[in-house]
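What follows is one structure encoded as structure tokens, with my remarks underneath.
The values are calculated or read from the model by the stated rules, or taken from the named source; none is laboratory data. None of these values were measured; they are calculated from a predicted model. For neighbour counting, all protein chains shown are included, and Cβ atoms are generated from backbone atoms with ideal geometry for every residue, glycine included. We work out accessible area using only protein heavy atoms, side chains counted, and drop any ligands, DNA or RNA first. Shrake-Rupley method; radii C 1.70, N 1.55, O 1.52, S 1.80 Å.
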Amino acid sequence: QVRLMESGGGLVPPGGSLRLRCVVSGTNFKIAPVAWYRQAPGNERELVASISSDGTSSYADSVKGRFTISKDIARTTAYLQMDSVASEDTAVYYCKVYWRREWWGQGTQVTVSS
């Protein structure tokens, strides 16, 4: 059984930083592709960042240069480091891993506000 547990969301002021965590179990985490998505109220869920099975990372244009996705293989944990956040980054953030099929976490709320 694949399980994902996200944490790290919260309230952060504009220009601040936050690090999201996604602990994954039940996969070969070293090669499992991982991605972070987000969904703001009234919007569709959108891809924020991803790491492919060979370790290549990619980013949405809106977060490029501000967010960093990474994997800690030993801890089977994916991270999303969010820097220089802005109000438009406010959303529920979801972790997704692909292992025979897509598996999603429950989401963690990020609110950017002063």
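Leaving ligands, DNA and RNA out of it, rank Leu80, Leu18 by accessible area with a 1.4 Å probe, largest first.
Ranking Leu80, Leu18 by accessible area, largest first, yields Leu18, Leu80.
Probe radius 1.4 Å, ligands and nucleic acids ignored: give me the carbon and sulfur share of the accessible area of the chain as a rounded percent.
Summing carbon and sulfur atoms, their accessible area is 48 percent of the total for the chain.
Would you work out if region 1-67 is rounded, prolate or oblate? Take a ≥ b ≥ c from the square roots of the eigenvalues of the alpha-carbon gyration tensor; rounded if a/c is under 1.5, else prolate when a/b is larger than b/c, oblate otherwise.
Prolate is the answer for region 1-67, as a/c is 1.5 or above and a/b outweighs b/c.
With contacts defined as alpha carbon pairs under 8 Å and 6 or more residues apart, what's the relative contact order of region 68-114 in percent?
30
Of Thr90, Thr77, which has the most accessible area and how do the rest follow, probe 1.4 Å?
Thr90, Thr77
Multiply the residue gap between Asn43 and Met5 by 0.36 nm, knock off their C-alpha separation, and tell me the result in nm, one decimal place.
Extending this stretch completely gives an extra 11.3 nm.
Between Asp54 and Ala86, with labels modelled 7 Å along Cα→Cβ, what's the label distance in nm to one decimal, could you check?
Rounded to a tenth, the inter-label distance reads 3.3 nm.
How much length, in nm to one decimal, is gained on full extension between Gln109 and Ser17, taken as 0.36 nm per residue of separation minus their Cα-Cα distance?
31.7 nm
Largest first, what is the accessible-area ranking of Tyr98, Tyr59, Tyr93, Tyr79 with a 1.4 Å probe?
Ranking Tyr98, Tyr59, Tyr93, Tyr79 by accessible area, largest first, yields Tyr98, Tyr59, Tyr79, Tyr93.
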